[in-house]
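Encoded as C-alpha cells, the structure appears first; notes follow it.
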Amino acid sequence: MSIRLIALCLLVCLAAPACGGGDGLYKKTKVIMGTYVTITVARGGLPEVVVRAAVADAYSEIERIDRLMSTYKPESQLSQINREAGMRPVKADPEVIAVIQDALDVATMTGGAFDPTVGPLVRLWGIGGDKARVPGKDEIDAARRLVGFSHVILDKKAGTVFIENKGMAVDLGGIAKGYASDRAVEILKARGIKGGIVAVAGDLKLFGAGEGGKPWKIGIQHPRKPDALLTELEVNDAATSTSGDYERYFIKDGRRYCHILDPKTGYPASGLMSVTVLARDSYLADSLATGLFVMGPEKANAFARSHPEIEVLMVAGDGSISSTGRFRGVTPGSL
Ligand code: AMP
Ligand code: MG
C-alpha cells in the first residue's frame, strides 16, 4: 500500500469515526445550501442504525428548509414570493412566514444593519459567484433604493407574504443557515440523540455533551490564517455563528469586497474582519453576526455591551480584538 493511500485511509477514518464502531462520535459531511454541512453526534450507546437514521433525518430537514427558503432555487417558496413583488401577496408556509418575521425583528433590533431585503444588492454584486464585479455607482444607487424591510408585509391570518415594490427581493442567506441548524438539532433530539453539533458553514448549534460526557470544544477561526484559531471554547448547549470577510470575497485594485452588504451604502461592509456571536439559538447568532459585521467596530461594540444575552468576539479591520462574555480572555496578542 502506498504512503498516499495509507494517509488517505487515515484521513477517512478521522473524518468518519464510524470506522471505530461502538461508542464515541459519529460524524458526516454533506454539501447543502451551497456549503459544507457537518453533523457530529455522540453515539451514547445507541445502536448504529439509530444513530445513522437520526443524522440522515437531520440532513433531510436541512434540505427541506433549503427547498423552501433558497433564493438560488427558482422553485422555492421564497423565489415565488420574490417573483410577485409589487404585484400580489403570496401564500406561504407558516414556517416561512415565521422565519421572515424573525428576520424583520432582527432588522429592527439592528437598526437595519441586518436587512433581509438586501436581495437586489446581493444579485447586483454577485459575490461568491463567477460574475462578481464592482458595479457602477448608478447601479448601486438603483439597487439600494429597492432595499427596505418595512416594505415586507406579513399577514399571518391569511398566511401570506407581500413585498410591496416591484424589483424588491427577500434574501434569507443571513439567517436560514442558523435556522436550519436549530431545526436539525430538534430532529436529532427527537430521535433520541443526547449530544451533537450541527455545523452549517460557520453556523453551529451544539447540544448535550460530547465523548465521555465532556463539553464540546469549538474553535473560532482566525480571519487571516486559514489553519489557525483565534480561540477555543468549551460549551454544552449554545449556538455560535461567525461572519467574516474571508470566505466569499474578491479583491479588485487592492480592495477587498466581501459578501456582506451594507444596506445604507450599497457597498460591502468593510470595518471588520470577523464577528462571532454566541447565543441560545442559531438563527439569532447567525443574523446578529451578519448585522454586527455591517455595523462596524464601534456600533457593534456598543450593541454587544447592551445585549448581555449574547457573547461576542470581533476582529476589526486593523486587527484589534474586542470581546464580551466568555470571549473576554482573547487578546490582540492572539492575532
Ligand atoms: P453570513 O455569511 O451569515 O454573514 O450571511 C451573509 C449572507 O446574508 C449573504 O450571502 C447574503 O445572502 C445575505 N446578506 C448580505 N448582507 C446582508 C445584510 N446586510 N443583511 C441581511 N442579510 C445579508
Ligand atoms: Mg450570519
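SER306 meets the stated requirement of being more than 21 Å from TYR246 (Cβ to Cβ) and surrounded by fewer than 24 Cβ atoms within 10 Å (Cβ to Cβ). For ILE153, the conditions (1) farther than 26 Å from LYS252 by Cα; (2) of a type outside the set (Lys, Arg); (3) within 23 Å of the chain's Cα centre (by Cα); (4) more than 16 Å from ligand 2 (Cβ to nearest atom) are fulfilled apart from (3). Report yes if some residue within the stretch 93-110 is at negative phi, in contact with an Asp or Glu (Cβ under 9 Å, 6 or more places away or on another chain), at pLDDT 95 or above and not in a helix (DSSP H, G or I); otherwise report no. The answer is no, given that none of the residues of the stretch 93-110 is at negative phi, in contact with an Asp or Glu (Cβ under 9 Å, 6 or more places away or on another chain), at pLDDT 95 or above and not in a helix (DSSP H, G or I). Contact annotation: residue pairs with Cβ atoms under 7 Å, 6 or more positions apart or on different chains, pairing a residue in the stretch 278-295 that is more than 11 Å from ligand 1 (Cβ to nearest atom) with a partner that is of a type in the set (Val, Ile, Thr) and not in a helix (DSSP H, G or I), are LEU278/THR240; LEU278/ILE310; ALA279/ILE310.
The number of residues in the stretch 180-198 being within 16 Å of ligand 2 (Cβ to nearest atom) and acidic (Asp, Glu) comes to 1. In the stretch 156-179, the qualifying residues are those that are more than 17 Å from PRO94 (Cβ to Cβ) and either within 11 Å of the chain's Cα centre (by Cα) or aromatic (Phe, Trp, Tyr) (or both), and the one that is nearest to ligand 2 (Cβ to nearest atom) is GLY174. Scanning the stretch 288-320 for residues that are touching a helix residue (DSSP H, G or I) at 6+ places or on another chain (Cβ under 8 Å), among the hydrophobic types (A, V, I, L, M, F, W, C), within 15 Å of ligand 2 (Cβ to nearest atom) and farther than 20 Å from LEU233 by Cα yields a count of 5.
For the stretch 121-150, a residue qualifies if it is within 16 Å of ligand 1 (Cβ to nearest atom), within 20 Å of ALA85 (Cα to Cα) and of a type in the set (D, E, K, R), and the qualifying residues are ARG123, ARG144, ARG145.
Of all residues in the stretch 241-261, those that are under 19 Å from GLY119 (Cα atoms) and near ligand 1 (Cβ under 8 Å from one of its atoms) have Cβ atoms under 8 Å from Cβ atoms of residues that are in a loop (DSSP other than H, G, I, E, B) and of a type in the set (Lys, Arg), 6 or more apart or on another chain, in HIS259/ARG248.
The values are calculated or read from the model by the stated rules, or taken from the named source; none is laboratory data. The structure displayed is predicted, hence computed values, not measured ones. Reconstructed Cβ throughout: ideal geometry from the backbone, glycine too, with neighbour counts over all protein chains shown.
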